[in-house]
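Trainee: Have a look at this one before I ask anything.
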Amino acid sequence: MPVDSTDLIALAAELSSGHSEVKQRAAISRAYYASYHRSRGWEDQLPLVGNDFAAYGSHERLIARLRHPHQACDSTVAAFSRRIGAMLEDQRKHRSFADYNVKRRLPGRLAAEQMRLAEELLRLCKVCDPRSGHVSQV
């Protein structure tokens, strides 16, 4: 059965309620992937994609395109794109720390911060229609 960003964020929330470090690390990772997949879907709706400045890897390229939206984008959409890109970049750094620095202690509030960022990013993607530039109040 296929999953989407809402399934991933729900799993991240469930994991983040656990107190073990391994669950906190898994929550950080799942929250990032909820944001990553939702951001990709949001970008797919843009009339034109931004510049990835020869970034490496699909994640880095997505972040670069969102942070540097195409000049033809509506100013509201461009502002949302830059914000989504910056938030995704922060979450990627958190995910990398959680996944690759297993010998270092996880900072105490990192999972909570990751959840906050992911939930905010998902909300931003929901309220801004990249095709029209319309922003709803959700």
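Trainee: Would you mind telling me the share, in percent, of accessible area of the chain contributed by carbon and sulfur at probe 1.4 angstrom?
Mentor: Details: 4030 of 7870 Å².
Ligands and nucleic acids excluded, carbon and sulfur give 51 percent.
Trainee: Order THR6, THR76, most accessible first, counting only protein heavy atoms with a 1.4 angstrom probe.
Mentor: Highest to lowest solvent-accessible surface, that is THR6, THR76.
Trainee: Choose one of TRP42, VAL3, ALA55: the residue whose Cα lies farthest towards the positive end of the charge dipole of the chain (beta-carbon charges +1 Lys, Arg; -1 Asp, Glu; about the Cα centre).
Mentor: In the chain, that residue is ALA55.
Trainee: I would also like to ask the following. In the range 11-119, which chymotrypsin sites (Phe, Trp or Tyr not before Pro) are in a loop and have at most 12 other Cβ atoms within 10 Å, using DSSP for the loop call? Before the final figure, lay out each step's value.
Mentor: Working: sites: TYR32, TYR33, TYR36, TRP42, PHE53, TYR56, PHE80, PHE97, TYR100; in loops: PHE53, TYR56.
Listed in order of number, the matching sites are PHE53, TYR56.
Trainee: Taking only protein heavy atoms and a 1.4 Å probe, what accessible area per residue, in Å², does the chain have with all protein chains in place?
Mentor: Details: 7870 Å² over 138 residues.
Per-residue value: 57 Å².
Trainee: Got the relative contact order for the chain handy, in percent, Cα pairs under 8 Å and 6 or more residues apart? Can you show the working numbers first?
Mentor: Values: 180 pairs, mean separation 38.3, N = 138.
Over the chain, the number comes to 28 percent.
Trainee: Once the whole set of protein chains is in place, how much accessible area is left on LYS126, using a 1.4 Å probe, in Å² to the nearest 10?
Mentor: The value for LYS126 is about 140 Å².
Trainee: How large is the dipole of the chain about the Cα centre if only Lys and Arg carry +1 and Asp and Glu carry -1, each at its Cβ, rounded to the nearest 20 debye? Don't jump to the answer; show the numbers that get you there.
Mentor: Values: 21 positive and 16 negative charges, 96 e Å.
Charge dipole of the chain: 460 debye, to the nearest 20.
Trainee: May I pose another question? Taking the alpha-carbon distance from LYS126 and a cut-off under 25 Å, which lysines remain once sequence neighbours fewer than 8 residues away in the same chain are dropped?
Mentor: Filter leaves LYS93.
Trainee: Considering all projection directions equally, how large on average is the shadow of the alpha-carbon convex hull of the chain, in square nanometres? Show your work: numbers first, answer last.
Mentor: Details: hull surface 35.8 nm².
Hull-based average projected area comes out at 8.9 nm².
The values are calculated or read from the model by the stated rules, or taken from the named source; none is laboratory data. These numbers come from a predicted model, not from an experiment. All Cβ positions, even for glycine, are placed from backbone atoms using ideal geometry, and neighbour counts span all protein chains on display. Areas reflect the complete protein model, heavy atoms only, side chains present, ligands, DNA and RNA absent. Shrake-Rupley method; radii C 1.70, N 1.55, O 1.52, S 1.80 Å.
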